[in-house]
Amino acid sequence: MGDRASAPDAELVQSIQDGIESAWAGLFEKYSSRVFYLALRELRSHADAEDVRAETFLRVFQAIRNQQVRTPDSLSSFILGTARNIILETLRSPHRAANEREVPDVPSPELDPALDEDVRHAIAVTIQRLKPKEREFLRLYYYEDLPKQEIARRIGIDEERVRLLKHRCLKSFREIYQRLKKISDTKVRKPSL
């Protein structure tokens, strides 16, 4: 993969068009962090920067596959230009302002009564620490049990993005929960003097 990331852009484009999977990974590895930090600088949100990065590479890969990249040697400019367009779309989105408002609390899940009280508390705290868009998604997906089309409409994303958002929400939930659990475990284990 590292070899592909150091390949010239024109070679990466040709390899992608030839269906070589490692070229996709090489292209992502080569430009991923630049796109992410560009988006983070403009949007000041890790979640939005992740969304911009995912959407940028989706569009770039589609353009390469459809042979819409006219000058493969200028791939860097094409990728960053695509990212800038998506950042502008994000900034102009009426849903961005709506998602920045406080999302109603996710109802407390009906947890198994056999679960430890500390675990139930940790789950509730974890839900509150999620980003508003992630809490809204979890509420719509798990509590209201809405279809993907309706979730996409309410959140203001393309239907194809629902799976990506679900993955990101669950990843965030896991990471926050594990951090809280680690802090809790550390407090319980006091060093002996």
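The values are calculated or read from the model by the stated rules, or taken from the named source; none is laboratory data. Predicted, not measured: the structure shown is a model, and the values here were computed from it. Heads up, the Cβs are rebuilt from the backbone with ideal geometry, glycines too, and the neighbour counts pull from every protein chain shown. For accessibility, only protein heavy atoms count, side chains too; no ligands or nucleic acids. Shrake-Rupley method; radii C 1.70, N 1.55, O 1.52, S 1.80 Å.
Summary of computed values
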| item | result |
| --- | --- |
| Residue under evaluation T56, criteria (1) over 15 Å from the mean Cα position of the chain (by Cα); (2) crowded, with 19+ Cβ neighbours inside 10 Å; (3) not aromatic (F, W, Y), criterion not met | (1) |
| Selection status of E89, open to solvent by 80 Å² or more (accessible area, probe 1.4 Å) and at pLDDT below 80 | no |
| Positions within the stretch 142-178 being modelled with pLDDT of 80 or more and of a type in the set (F, W, Y), in sequence order | F173 |
| Among (1) assigned to a loop (DSSP other than H, G, I, E, B); (2) without any contact (Cβ under 8 Å) to a residue 40 or more places away in the chain; (3) among the hydrophobic types (A, V, I, L, M, F, W, C); (4) surrounded by 19 or more Cβ atoms within 10 Å (Cβ to Cβ), the one test that V162 misses | (1) |
| Of all residues making up the stretch 1-39, the number that are modelled with pLDDT under 85 and hydrophobic (A, V, I, L, M, F, W, C) | 3 |
| Any hit, the stretch 175-185, residues being within 17 Å of S45 (Cβ to Cβ) and over 13 Å from the mean Cα position of the chain (by Cα) | yes |
| Residue pairs meeting the criteria (Cβ under 8 Å; at least 6 apart or on separate chains; first part of a loop (DSSP other than H, G, I, E, B), in the stretch 118-130; second modelled with pLDDT of 80 or more) | L130/L138; L130/C169; L130/S172; L130/F173; L130/I176 |
| Residue ID - nearest to the chain's Cα centre (by Cα), chosen from residues in the stretch 147-162 that are farther than 15 Å from K133 by Cβ and not polar (S, T, N, Q) | E160 |
| Criterion: open to solvent by 60 Å² or more (accessible area, probe 1.4 Å), out of contact with any Pro (no Cβ under 9 Å at 6 or more places or on another chain) and at pLDDT below 70 - qualifying residue of A98, A114 | A114 |
